[in-house]
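Asks: There's a structure below that I have some questions on.
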Amino acid sequence: MGTQSRHDFNEHGDGNWTNPQVQAENQRVIYQETQGQSASAVRAVAYGTAAAYQHTLPQGQGQGQGRVPQAQTVPASSYPVPVNPAPLPAYPYPAKPPYRIFRRFFCSLLALFTLLCGLAGATAYWAQSAIVDTDNFTAMAQGLATDQDFQNSLASAVTDDIMASPTISTYLGDGNSETWYGGAQNWLYDQTYTLVNQATGTVVASEDYPELWAKAMSDSHRYNFSGETRPAMLDFSAIYDKASDSLRATTGISLDTSALPGRTLMLDTGESIWPVNTSINTLIGFAGLWPILLAGCAGSALLGFLLWPGSKCAHLACVAFIGAGLLWATALIGGGASWLSGLGQGASSSGVLFFQKLSQLIAESFASYLNGLAFEVLIAAVVLTLLAILIAVLRVTARPATARFR
């Protein structure tokens, strides 16, 4: 029907073949196209063979009897032009160009990179904010101030350290004297131990102990997270000073605790290899990468969004759904893991218990953070999915309107 058929259909309405205006316009276009062709070519295209255009004159008109009538050819222009010409041949849709397949593959790699960078960046940000930061770490470790098991263990360790001080051991020994006066000495040792234990227990159970514990954690954190290479330890100087004051107020015994070894609870007991210090310095370096990791995650997500050949919002929503699932799975694994397993080997019983309790607090903090982040990512994925559906609906409804006014 020529190159003007689509334009003409839109001009004359819905393109119905029974429309007289459409039929007249088609006849005019086909007639103009066939003017430059020969009569035989027109007959071959329109009617198939030349015999279909021939008819025989009546017998006896200008011819003798018994003669074979001669076929007379009628010009093609005298025949009506067919109203419904043969439809154009249907051509197959062209294959997708190779670069579209390459773009999908490249965007899939970008999505994988986005997920990995996002998970690593989220973990690094949590480590920076929850562990490396002194105030946040102190707030997280504040739960140990109300843990009865750990505080009773710490009070017993302080009592044992005070009883082993030169001031008391010189006169009372270790409670296992076998001398002729050992019975009296051992009795005095037991009585003194009870008084010291009550004094340290009073410190742990006092109302201002949480503030005292927060100071001890803050001092220990600043020492261990300084970035220097040295043995890790816990500084309980504030607790020892408070215990000394409580002992003086209870028994009248004045005891100098500044030289007691328990004031600093050593976490690394090796000579030149300090695994706790090495782990802390490695964590500090990893936590400092969170801006780079999150920037890489955002950049790869944006690049994949721009290069994806299909629905861009649907692609980004799919990545977000996978990311939410990955965060939840990591939170489930991290929440049940022992973060500090293997550390503190060789430390005192109080140090080992401190690692166990602190590991539980770290696991709870990590799981809570990732669960909250996964929920936020899931909400973003749902919003992107709804946006992709809305865009698809608008495109479908806009096609008839565009064709009507074209």
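Asks: Got a sec? Which of 161, 245 is surrounded by 19 or more Cβ atoms within 10 Å (Cβ to Cβ) and either acidic (Asp, Glu) or under 30 Å from residue 280 (Cβ atoms) (or both)?
Replies: Unique residue meeting the criteria: 161.
Asks: Still on this structure, I have one more. Looking at the range 286-312, I want the residues that are under 27 Å from residue 99 (Cα atoms) and have a partner that is assigned to a helix (DSSP H, G or I) and polar (S, T, N, Q) with Cβ atoms under 8 Å, at least 6 apart or on another chain. Which pairs are those?
Replies: Close Cβ pairs satisfying both conditions: 297/114; 300/114; 301/114; 304/114.
Asks: Do you know which residues across the range 124-133 are open to solvent by 30 Å² or more (accessible area, probe 1.4 Å) and in a helix (DSSP H, G or I)?
Replies: Correct list: 125, 128, 129.
Asks: Got a sec? Which of 228, 211, 207 is acidic (Asp, Glu), over 22 Å from residue 150 (Cα atoms) and open to solvent by 20 Å² or more (accessible area, probe 1.4 Å)?
Replies: Every option except 228 fails the conditions.
Asks: Given the conditions (1) closer than 30 Å to residue 289 by Cα; (2) assigned to a loop (DSSP other than H, G, I, E, B), report the number of the one that residue 176 does not fulfil.
Replies: Status for residue 176: all satisfied but (1).
Asks: Check residue 357 against each of (1) at pLDDT 90 or above; (2) in contact with a Phe, Trp or Tyr (Cβ under 7 Å, 6 or more places away or on another chain) and name the one condition it does not meet.
Replies: (1)
Asks: Further question on the same structure: Any residue in the range 356-382 that is more than 14 Å from residue 333 (Cβ to Cβ) sitting within a Cβ distance under 8 Å of a residue that is open to solvent by 50 Å² or more (accessible area, probe 1.4 Å) and among the hydroxyl-bearing types (Ser, Thr, Tyr)? List the pairs, counting only those 6 or more apart or interchain.
Replies: 359/338; 359/341
Asks: Would you be able to say whether some residue in the range 181-190 is open to solvent by less than 30 Å² (accessible area, probe 1.4 Å), among the small types (Gly, Ala, Ser) and at pLDDT below 80?
Replies: Yes: the range 181-190 contains one or more residues that are open to solvent by less than 30 Å² (accessible area, probe 1.4 Å), among the small types (Gly, Ala, Ser) and at pLDDT below 80.
Asks: Which residues, counting only those in the range 258-268, are surrounded by 15 or more Cβ atoms within 10 Å (Cβ to Cβ) and part of a loop (DSSP other than H, G, I, E, B)?
Replies: Listed by number, the residues that qualify are 260, 267, 268.
Asks: Would you confirm whether any residue within the range 317-325 is open to solvent by 30 Å² or more (accessible area, probe 1.4 Å), at pLDDT 80 or above and farther than 28 Å from residue 362 by Cβ?
Replies: Yes, the range 317-325 contains a residue that is open to solvent by 30 Å² or more (accessible area, probe 1.4 Å), at pLDDT 80 or above and farther than 28 Å from residue 362 by Cβ.
Asks: In the range 167-176, is there at least one residue being free of Cβ contacts under 8 Å to residues at least 60 places away in the same chain, open to solvent by less than 60 Å² (accessible area, probe 1.4 Å) and hydrophobic (A, V, I, L, M, F, W, C)?
Replies: So far as the range 167-176 goes, yes, one or more of its residues are free of Cβ contacts under 8 Å to residues at least 60 places away in the same chain, open to solvent by less than 60 Å² (accessible area, probe 1.4 Å) and hydrophobic (A, V, I, L, M, F, W, C).
Asks: Can you tell me which of 293, 283, 255, 234 is buried (at least 21 other Cβ atoms within 10 Å of the Cβ) and either assigned to a helix (DSSP H, G or I) or out of contact with any His (no Cβ under 8 Å at 6 or more places or on another chain) (or both)?
Replies: None of the others qualify; the one that does is 234.
The values are calculated or read from the model by the stated rules, or taken from the named source; none is laboratory data. This is a predicted model, so every value here is computed, not measured. In this analysis, Cβ positions are derived from the backbone assuming ideal geometry, glycine residues included, and neighbour counts consider all displayed protein chains. With ligands, DNA and RNA removed, areas are computed over all heavy atoms of the protein, side chains included. Shrake-Rupley method; radii C 1.70, N 1.55, O 1.52, S 1.80 Å.
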